[in-house]
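Read through the structure below, which is laid out as structure tokens, and then see the notes.
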Amino acid sequence: MQNSPNGVLEGGYNLTYGSWIFRPNAGMQYLDLNQTGFSEAGGGGANLRVGSQSSDALWLSAGLRAGRPFYSGDWTILPALHVKYLNDVIGDDVSVNAGFVGVGGAYTVRGVGAGRNFGIVGMSLAAEQSRWLRLVGDVSYQASTSQQSTTGSGGVELRW
């Protein structure tokens, strides 16, 4: 079983320069991840017993989004580029303690640390029809000294 209280606070302000929109932003996010331990069954002495684990993270961020809207019929199309810097103030490294039920002792597994400083760059596309419908998509690349990832997301917003 796992629980992870999480809170996010982010703010920004749109600045215009001609038809361009620039949005500097800053924020913070807190995550408290707790996972209960477990034991396997059915394997006799080879059953694995894994201890509970807990990790905290507090990310501070600063970034900038820039885009220029285009208009096509009833639609407003907004392609944008974004960059963000994140710093993990707490920087917990997570390790897992485990052992086999039939053997005394335990061992510790520690994965590669995620790093404490991250850079994110990406691009997004939003298409809005009136104030009721908005389609969004985003692709972002995130890197630190020890990891890299690419994520994509999309959605539909219906407003009333």
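How about segment 32-138: which trypsin sites (Lys or Arg not before Pro) there lie in a loop by DSSP and see at most 10 other Cβ atoms within 10 Å?
Values: sites: ARG49, ARG65, LYS84, ARG110, ARG116, ARG131, ARG134; in loops: ARG116, ARG131.
Here the sparse-neighbourhood loop sites are ARG131.
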Exercise for review: Whole number in Å², please: accessible area per residue of the chain, 1.4 Å probe, ligands, DNA and RNA not counted.
Suggested key: 67
**Study point:** segment 118-160 versus segment 56-82: alpha-carbon centroid distance in Å
**Key:** 8
**Study point:** Radius 14 Å from Cβ of THR151, net charge of other residues (Lys, Arg +1; Asp, Glu -1)
**Key:** 0
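Taking the Cβ-Cβ separation of VAL109 and TRP75 as r and a Förster radius of 35 Å, what is the calculated FRET efficiency to the nearest 0.05?
Values: r = 51 Å, r/R0 = 1.45.
Computed FRET efficiency for VAL109 and TRP75 comes out at 0.10.
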Study note, to complete from the structure: Rounded to one decimal in nm, the spacing of the 7 Å Cα→Cβ label points at VAL96 and ARG116 is 2.6
Check your understanding: Does segment 19-68 classify as rounded, prolate or oblate by the C-alpha gyration tensor (a ≥ b ≥ c root eigenvalues; a/c under 1.5 gives rounded; else a/b over b/c gives prolate, otherwise oblate)?
Key -> prolate
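Gain in length, ALA127 to PHE38, computed as 0.36 nm per residue apart minus the alpha-carbon separation, to one decimal in nm?
On the way: separation 89, 0.36 × 89 = 32.04 nm, distance 4.62 nm.
Stretched out fully, the ALA127 to PHE38 stretch lengthens by 27.4 nm.
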Review point. Do you know the relative contact order of the chain, to the nearest whole percent, from alpha carbon pairs under 8 angstrom that are 6+ apart?
Key: 17
Review point. How much of the accessible area of the chain, probe 1.4 Å, is carbon plus sulfur, in whole percent?
Key: 59
Point to revise | Residue-count net charge about TRP160 - beta-carbon cut-off 13 Å; Lys, Arg +1, Asp, Glu -1 | key: +2
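The values are calculated or read from the model by the stated rules, or taken from the named source; none is laboratory data. Only a predicted model underlies this, so the values are computations on that prediction, with no experimental measurement involved. When we count neighbours, we look across all protein chains shown, and the Cβ atoms used for this are built from the backbone with ideal geometry, even at glycine. Accessible surface is based on the protein model in full, side chains and every heavy atom, while ligands, DNA and RNA are left aside. Shrake-Rupley method; radii C 1.70, N 1.55, O 1.52, S 1.80 Å.
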